[in-house]
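The values are calculated or read from the model by the stated rules, or taken from the named source; none is laboratory data. Just so it is clear, the model here is predicted, and its values are computed rather than measured. In this analysis, Cβ positions are derived from the backbone assuming ideal geometry, glycine residues included, and neighbour counts consider all displayed protein chains.
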Amino acid sequence: MWVYDKKLEYPIKIRKPDPRMAKLIITQYGGPDGELAASLRYLSQRFTMITPQAKATLNDIGTEELAHLEMIGTMVKQLTRGASYDEIKNSGLDAYYVDHDRGIYPVSASGVPFTAAYIQSKGDPRTDLYEDMAAEQKARSTYEYLINMADDPDVIEPLRFLREREIVHFQRFGESLRYVQEFLDSKKYSFPSPKKS
Amino acid sequence: MSRDDLLRKISALDFYIIDLGLYLNTHPNDKEALTKYNESVRQVNSLKKEFTQSYGMLLANSSESRHPWQWIEGPWPWQKSFNFELKEDMD
Ligand SMILES: [Fe+2]
């Protein structure tokens, strides 16, 4: 189960509304390499993970991604708060506005609603950990592109924090994969076992 | 300590604890990291106690509330006014 900790993992205090940045950052809420996909992926895969190290890693990184989802929702909320109709029109957030006003809805930057097709849970611990390492790299790239599009330090600082977390997560998944690989090698056992013809 | 100073300290320590925890998951025999982890947990627990007594509930289902029920008190973490300024000279 989970218990709510009534604070953010990293503080967000955006003074200037910027609906253009909100339209881009929402992609880390509901986009293909976003935090919702990340948390759902890891928290689902953990049920079939093996080795104590890799189980704990998936469980805890999946949990941390939920905190990142909250940070992204917070950024979008603060970026749209107080924006005028003209600002919304000129920023390109108008299409989102007519569907959701200032509600936080999981879509990508290009407006595609969230889908579970963004993630995989393959049942093979090696396959899942390779997917997770790739997912962390894709999220890191996205944060770099978002930072390239931003100019307000109030926005850039939390994005940099989130980017650095992806690097740490990639590292931990790599270490977990080594434990899983070693375990499988030591058992001389293939999982799932290929069907003999 | 002011609310923001206390929350800044708690947030920094909690982050350190999250990061050390992830490290320990794949390095369970690292004694130095384990000592830092345990020390930080002790430290943050006493700061959280202080925060709860002066400024309200922090962790669901684990801190006691005064009357009336304090959990519903704002601001919530997604509101700008909840969050503190980052200080440059933090170590
Ligand atoms: Fe991550």
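Counting only helices (runs of 4 or more DSSP H) that fall entirely inside region A:81-157 and contain at least 3 residues that are within 16 Å of the ligand (Cβ to nearest atom), the qualifying elements are A:125-149. In this structure, A:ILE26 does not satisfy being near the ligand (Cβ under 10 Å from one of its atoms), surrounded by 22 or more Cβ atoms within 10 Å (Cβ to Cβ) and at pLDDT 95 or above.
Report, by residue number, each residue of region A:53-62 that is more than 11 Å from the ligand (Cβ to nearest atom), more than 7 Å from chain B (Cβ to nearest Cβ) and of a type outside the set (A, V, I, L, M). Answer for region A:53-62, where residues must be more than 11 Å from the ligand (Cβ to nearest atom), more than 7 Å from chain B (Cβ to nearest Cβ) and of a type outside the set (A, V, I, L, M): A:LYS55, A:ASN59. So, in region A:10-46, exactly how many residues are more than 19 Å from the chain's Cα centre (by Cα) and away from chain B (no Cβ under 14 Å)? Qualifying residue count, region A:10-46: 2. Listed by first and then second residue, the pairs with beta-carbon distance under 7 Å, at least 6 apart or on different chains, first residue in region A:144-162 and under 18 Å from B:LYS87 (Cβ atoms), second in a helix (DSSP H, G or I), are A:ILE156/A:ILE147; A:PRO158/A:MET71; A:PRO158/A:MET75; A:ARG160/A:ILE147.
For region A:62-76, the set of residues classified as over 10 Å from the mean Cα position of the chain (by Cα) and more than 15 Å from A:PRO11 (Cβ to Cβ) consists of A:THR63, A:VAL76, listed by residue number. When each of B:LEU58, B:LEU47 is tested for being within 13 Å of the chain's Cα centre (by Cα) and under 30 Å from A:PRO17 (Cβ atoms), the lone residue that passes is B:LEU58. Regarding region A:149-156, can at least one residue be identified that is of a type in the set (Asp, Glu) and surrounded by 13 or more Cβ atoms within 10 Å (Cβ to Cβ)? Taking every residue of region A:149-156 in turn, at least one turns out to be of a type in the set (Asp, Glu) and surrounded by 13 or more Cβ atoms within 10 Å (Cβ to Cβ). Residues in region B:47-88 that are away from chain A (no Cβ under 14 Å) and closer than 22 Å to B:LEU24 by Cβ: there are none.
Residues of region B:27-39 include none that is within 11 Å of chain A (Cβ to nearest Cβ), loosely packed, with under 15 Cβ neighbours inside 10 Å, of a type in the set (Asp, Glu) and part of a loop (DSSP other than H, G, I, E, B).
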